[in-house]
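Undergrad: I have a structure here, written as structure tokens, and I will follow up with some questions on it.
The values are calculated or read from the model by the stated rules, or taken from the named source; none is laboratory data. These figures come from a predicted structure and were not determined experimentally. Note that we place each Cβ from the backbone using ideal geometry, even for glycine, and neighbour counts take in every protein chain shown. Ligands, DNA and RNA are excluded from the accessible area calculation, which covers all protein heavy atoms including side chains. Shrake-Rupley method; radii C 1.70, N 1.55, O 1.52, S 1.80 Å.
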Amino acid sequence: MIEGACHCGAVRWTYAGRPDDATSCNCTICRRYGALWIYGWADSVVTVSGATRTYTFGGPSDFCFCPTCGCLTHYIEREPGPLGRRKLAANLRMATDPDAVADLPLARFDGLHTFDDLPPDGRRVADLWF
């Protein structure tokens, strides 16, 4: 299990299990937030506690942040998919134990130009935390 929290601790998330990787995206919003995403289903793989504020800019998801300290904690799809579940992406930069996730491979997604996965380059999460 991986746990994360905003800076003040008012918003927390828990990820059941261990993700295969963490995604870095260069789209117009992710590069501004500097987030690293791990994905799961809301209320089964990923649970969130604490009140959040949201920002929506036209895509299918709401970006959620702590109204006290401003940290971006996760995003969640507004509508459930065909199986009745909503995808939730937790911001791995909020991990309460960075050493526990430092060895996760870094996946890269080009959300700015091609909207495609990019080939792995061998970097790990820890390579971004120096």
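Undergrad: What figure, in Å² to the nearest 10, do you get for the accessible area of C27 with a 1.4 Å probe and non-protein molecules left out?
TA: For C27, solvent-accessible area is about 20 Å².
Undergrad: Helix-only mean residue ellipticity at 222 nm, the chain, DSSP H runs n ≥ 4 weighted -39,500 (n - 2.57), per residue, nearest 500. What is it?
TA: Details: 2 runs with 8 residues, N = 130.
One gets -1000 deg cm²/dmol as the mean residue ellipticity at 222 nm.
Undergrad: Within the stretch 1-75, what whole-number % of the accessible surface is contributed by carbon and sulfur, with the 1.4 Å probe and all protein chains included in the calculation? Could you put the intermediate results ahead of the total?
TA: On the way: 1850 of 3790 Å².
Within the stretch 1-75, the accessible surface is 49 percent carbon and sulfur.
Undergrad: Please work out the average accessible area per residue across the chain, using the 1.4 Å probe convention, and give it in Å². List each step's numbers first, then the result.
TA: Numbers: 7350 Å² over 130 residues.
On a per-residue basis, the chain sits at 57 Å².
Undergrad: So what's the net charge close to A102: Lys and Arg +1, Asp and Glu -1, counting the other residues with Cβ under 13 Å from its Cβ? Intermediate results must be reported in sequence, preceding the final value.
TA: Numbers: positive: R18, R93, R123, R124; negative: D21, D97, D99, D103, D127.
Once positives and negatives cancel, what remains is -1.
Undergrad: Can you give the charge dipole size of the stretch 11-70 about its Cα centre, rounded to the nearest 20 debye, using +1 on the beta carbon of Lys and Arg and -1 on the beta carbon of Asp and Glu?
TA: Details: 5 positive and 4 negative charges, 46 e Å.
With Lys and Arg at +1 and Asp and Glu at -1, about 220 debye.
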